[in-house]
1. For residues that are among the small types (Gly, Ala, Ser) and farther than 30 Å from Lys58 by Cα, scanning just the range 101-150, find the one that is surrounded by the fewest Cβ atoms within 10 Å (Cβ to Cβ).
2. Enumerate the pairs (first residue in the range 152-168 and over 12 Å from Leu178 (Cα atoms); second residue anywhere and charged (D, E, K, R)) with beta-carbon separation below 9 Å, excluding pairs fewer than 6 apart on the same chain, so at least 6 apart or on different chains.
3. Take Ser125 and decide whether it is at pLDDT 90 or above, within 24 Å of the chain's Cα centre (by Cα), on the phi < 0 side of the Ramachandran plot and part of a loop (DSSP other than H, G, I, E, B).
4. Can you tell me which residue within the range 84-100, out of those that are surrounded by 17 or more Cβ atoms within 10 Å (Cβ to Cβ) and more than 22 Å from Lys137 (Cβ to Cβ), is modelled with the lowest pLDDT?
5. Could we say that Arg81 is under 18 Å from Leu110 (Cα atoms) and either surrounded by fewer than 19 Cβ atoms within 10 Å (Cβ to Cβ) or under 15 Å from the mean Cα position of the chain (by Cα) (or both) here?
6. Scan the range 91-110 and give yes if some residue there is in contact with a helix residue (DSSP H, G or I) (Cβ under 7 Å, 6 or more places away or on another chain) and on the phi > 0 side of the Ramachandran plot, otherwise no.
7. Considering only residues that are in a strand (DSSP E or B) and either free of Cβ contacts under 8 Å to residues at least 24 places away in the same chain or in contact with a Cys (Cβ under 7 Å, 6 or more places away or on another chain) (or both), which ones fall in the range 54-108?
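The values are calculated or read from the model by the stated rules, or taken from the named source; none is laboratory data. In this text the structure is predicted, and so the values were computed from the model without any measurement. In this analysis, Cβ positions are derived from the backbone assuming ideal geometry, glycine residues included, and neighbour counts consider all displayed protein chains.
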Amino acid sequence: MILTPPVLYPPLLTYRDTALSGWKNIYLTLELIPRFTLLSMEDNSTIRDHWLAGELAKETGVSTDTLRHYERKGVLRRPVRGNNGYRLYSKDALERVRLVRRALSVGFTLDELARILGEREKGGSPCREVHKLAAEKLDRVEEQLTSLTALRDDLRQTLADWDNRLSRTTSGSQSRLLENLATGNKDRLPEAFRNGLGKVSPNSTKKGR
């Protein structure tokens, strides 16, 4: 039996690996040979075993400074150094950064995530703690929504009163609108709102309020 080498088509992709050395060709063949595999050009993450800092930052939508901050906080493993000195993150760093970003978006803090992920990596099961923290965050969001609803109603009432005052004020005269603000509204607001709007976040109120 004579074995003939597979027929290789022109390279599907030629690229230079900046972390390693040399140029690499990826070939397309119809035969099942481990070295010659048809790779997807859609998802970059499926064809790599490491990430350069800039690549990982671009893929996850954060800055390289943010990646370093995640490392310092303990939610992202520190990368190794390649022979050329480049920082190389493991291939699972992409999903870790995405997990951190999703958790931050619903109110978890980096300190909480570091504790939870650290316990999980040691074989622990912090699931109930995660659930408890999420429930506390929901309670605070509900409290803020209640305060915001009250603030909205107060502003509507205030604007209606101001419209009435302005309609009875001659041009060039002062209506002194701020002096006629309803009193007591400030006490109903969460601490994050007392110095102005636009500073609310799921972690802005004190724990246990």
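1. Checking each candidate, the answer is Gly123.
2. Matching pairs, first to second residue: Asp154/Arg188.
3. Here the answer is yes, as Ser125 does meet what is asked.
4. My answer is Arg87.
5. Judged against the criteria, Arg81 is not a match.
6. Yes, the range 91-110 has at least one match.
7. Residues satisfying the conditions are Val80, Arg81.
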